[in-house]
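Have a look at the structure below before the remarks.
Each value in this text was obtained by applying a stated rule to the coordinates, not by laboratory testing. Remember, it's a predicted structure, so these values are computed and weren't measured experimentally. As a convention, Cβ positions derive from the backbone with ideal geometry for all residues, glycine included, and neighbour counts pool all protein chains shown.
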Amino acid sequence: MSYQGRSFATSPFQDNRSRSNQGLAGLGLSTGPAGLSNKVGGYFENNDRTLPMYKDKPYFTPKRTAPRRRWRPLFVLGVCVLTFLWYYKSSMPVWQDSNSRDVGVDLWKWAQTIDDESPSKNVDWNERREKVRDAFVISWQGYEKDAWGSDEYNPVSGRSRNMIEGGMGWIIVDALDTMMIMNLTTEVRHAREWISTSLKYNQDHDVSTFETTIRMLGGLLSAHHLSTKYPDLAPIADDDVGAAGEDLYIEKATDLGDRLLGAFESPSGIPYASVNLNKSEGLPSHGDGGASSTAEATSVQLEFKYLAKLTGEAEYWRAVEKVMEVIDEQHPQDGLVPIFINPKTGHFHGENIRLGSRGDSYYEYLIKQYLQTSEQEPVYKELWDESLAGIRKHLLAFSQNAQLMVLGERPNGLKENLTPKMDHLVCFLPGTYALGATGGRPLAEARKSADWSQQREEEIFISKELMKTCWATYLATATGLAPEISHFILDSPPVMMGDKYPDPKSASGMSPQELRSISQPLSPQFDGSEPWRKDIEIHNMDRHNLQRPETVESLFYMYRITGDEIYREWGWEMFKAFVKYTAVVEGEDSELAEGEATIRRIKGFTSLSNANTIPPTTRDNMESFWMAETLKYFYLLFSDRDFISLEDHVFNTEAHPLPRFKPTGDLKTGWQRKPKVADAVEAAE
Ligand code: DMJ
C-alpha cells in the first residue's frame, strides 16, 4: 500500500502528532505502513500527481461527467440566463418564498389545528412530509440565526457553545445530508461554505472517538455519497466534476479519519474512548477503569470501511476489523456482550448486559456490516444470528397485563435477574430485526425466497411486537412523547420468550396464530384504564425526552419492509406531538403592543425535562441528532419506499446513509473465529 499519491491542499498534520514516527504498531500491524508524517512527506517529496490518489481507485468514479463541447454563443447565452434564474430562485431562503412565507408562522398556525385533524382515508403523505421539512427549516433557521458554527445550541435562550475552538461542525456536518435529502439547496450551500472555510481538526482537544466517527466522519461520507449519487438533490455547482471543491467532503473525511486512527493504537486494538485530534492520540476513559463502551468501540466499522473503499486505503479497514476480532476472541456468551471493554487488555469489564446505552449499536453494526459489504462477510451474519438467539433466550419477556414484549437488561450477568427496563435507545431494535430478516427487501418478496424460514418469520413477529411496545411508551405519557427510560411490570418470575417458546426452529416454536400477535391492542383513548397502561411505569428521573430518533427510525424500517401503513400513522402521531410540545414559540401575549394581533411563530424545537405533564417542562437544548436523525427518519417514513432505498444503503447509527458495495483486494474480513478452549479440547478428543 502506498501513500505517496495522497494530496492535501495544505498538510493536515501538525508536527506534534505523536503517531508520526510510530507507525501502526498498536494495531498489531507490524508490517504495516510507515507513520503518517512519512506518508505526507512522501507525497510532498514525490509530488508528480495532480489528483488525489483516490481518484484512481475503482470505486471513486465521478458520476456526473458532462461531455465537453464547443458551445455556440447563443446557446451559451441561453444557459447563462437560465443559470442566473436558477441561482436566483435557489438562493432565496426556503422559508421565504415569493409570497414571503414565514415557515415559523405557518407551522405555528398549523399546530393550532392539530387536534382537529379528522381521520381520512386519502392521506397525502407528500403534504405530511412537507410539514417535516418545515420543522427542519425552522430548526436550521434558528440555529443559523443564533448559533451559526457552534457545536451546541440552546434554542430557547439562543445561547450556544463550542466543543473545541472554532467548532467541530457538530450540528452543521451532522445535518448536512438531511438537507440534501430534503433538497434544501440554499442551506446546503451555506453549510458547505462553512465546511470549506472554517472546519479545521487541528485542535488540541479530546473528543469522543465514537461520536466524532458516527456524526462527523459519517456525515461527511454520506454527504459525499449523496452529492455524487443523487446530483439532482440540492444541486450546487461547487462540487461538480472539475470544480475546485469537488472533493471537499472526502478530503475532510480523510483528514478526520487519519486523526481518529490514533484512538486505535492501544495494546489490544480496541479504540480508546477519546482522541486528541491534533496529536492523533487516543486517551482512555476517565471512569470505568479506563474501559471503553463496547457499543462505542464496535460502531465505527461502517464509516471506516466505506472510507477505505473510497480511498483504497486498507489501513482504515484493518484498524476497525481488528476490533471485531478482539471482541470475538472474548467468546461472548450466547452472543451477548458486557457493555465495557478494556483497551489495554481487550477483555470485557464487568457483566452488565443490555441493548440500551453502551450496548446498543454493537448489535446494530453486526448485521449492518454484513449488509454493507453485500453479504460477502458471513461472519457478521453468524454473529448477528447468535446475538438474536441470546436476546431471545435471556432478554425478551412478556408484560403482566397486556403481554407486551419487553426487552430487559441483565445488569449482573446472565445468571442473575432480569431488570424490566427499556431505554429509548433500545427502540432501534425492532427495525433492525426486520432489516436483518429481509435484508431490507419488502417482506412479501423476502417470504418467497428459498432461504425464508420459521425462524425469519419469528424475527418479523418479534420486530412487530417490540415496535408496538416502543409505540406504547409514547402513548403512555401526557404529551405522547416517550420518556428516556420506561419500566415494565412483569410476572414474578417473569414469563420469558425463551421459556415459553424454546426453539424457533421446531414445533416448540410459535403457532401461525401466535405469530400474528399475542399482545393486547393498544387503545388510543387516554382514560387510563386499559390493561397495557398498568404495565408501564415512568420514574421521575427518567421522564425527559431528548427528541431521540430510535422509535421513528424503527417505524421507517417497519413501514418500508412490511408496507403496513399503521407504522406511518404512528409516526404521524409522534411527529404531531413533537410539533405540539417541543416547539419553541416566540411572540407571547405579554410581548405584544396594544392592538397588535396575536401572531406567533415557532422559532425552534427543544428537548424536554418532563414529557409527562402538560404543558411539558422544556430543557433548552437541541441535540444534533434532532436534525441529523429524528427529522430525517420522519421525512423518509413519509417518502416513497424507493427513495434512498434500503436495498442499496446502510444507515449508520447516526442515520447517515452509506452505499452497499462489494469489497475486493485488501478490503476483507481477514480473520477467522477461534473456537473456545473447551470446544477445541472436545473437538481434539
Ligand atoms: C445517536 O447519536 C446515535 O443513534 C447513537 O447510536 C445513540 N443514540 C443517539 C441518539 O439517540
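For the reader, a short list of remarks on this structure follows.
- Inter-centroid distance (Cα atoms) of region 405-479 relative to region 535-611, Å: 24 Å
- The value of relative contact order for region 565-679, using C-alpha pairs under 8 Å at least six residues apart, is 16 percent.
- Counted by neighbouring Cβ atoms within 10 Å, the residues LYS279, LYS415 run from fewest to most as LYS415, LYS279.
- Lys, Arg +1 and Asp, Glu -1 on Cβ, resulting dipole of region 470-516 about Cα centre, debye, nearest 20: 160 debye
- For region 109-179 versus region 183-226, the gap between their alpha-carbon centres in whole angstrom: 17 Å
- Anchor LYS580: lysines whose Cα lies under 24 Å away (excluding residues fewer than 8 positions away in-chain): LYS109, LYS121, LYS131, LYS145, LYS468, LYS603, LYS632
- Net charge over other residues, Cβ less than 9 angstrom from the Cβ of GLY356 (K, R count +1; D, E count -1): 0
- Charge tally in the Cβ shell below 12 Å around LYS632, where Lys, Arg are +1 and Asp, Glu are -1, LYS632 excluded: -3
- Note on region 118-265: dipole from Cβ charges, positive end direction compared against LEU217, TRP148, PRO119; the farthest Cα belongs to PRO119.
- For region 175-286, projected area of the alpha-carbon convex hull averaged over all directions, nm²: 7.4 nm²
- Residues ARG441, ARG259, sorted so that the one with the fewest Cβ neighbours within 10 Å comes first: ARG441, ARG259
- Size of electric dipole in region 593-685: Cβ of Lys, Arg +1 and of Asp, Glu -1, about Cα centre, debye, nearest 20: 100 debye
- Protection proxy ranking, peptides 111-124, 129-142, 359-372, 603-616, average beta carbon neighbours within 10 Å, highest first: 359-372, 129-142, 603-616, 111-124
- Only the Cβ atoms of Lys and Arg (+1) and of Asp and Glu (-1) were treated as charged; on that basis the dipole of region 356-467 about its Cα centre amounts to roughly 200 debye.
- Extension gain for GLU596 to TRP452 (0.36 nm times residue separation, less C-alpha to C-alpha distance): 45.3 nm.
- Computed on region 383-446, with alpha-carbon pairs under 8 angstrom and 6+ residues apart, the relative contact order is 17 percent.
- Relative contact order of region 449-555, defined on C-alpha pairs under 8 angstrom at six or more residues apart (%): 40 percent
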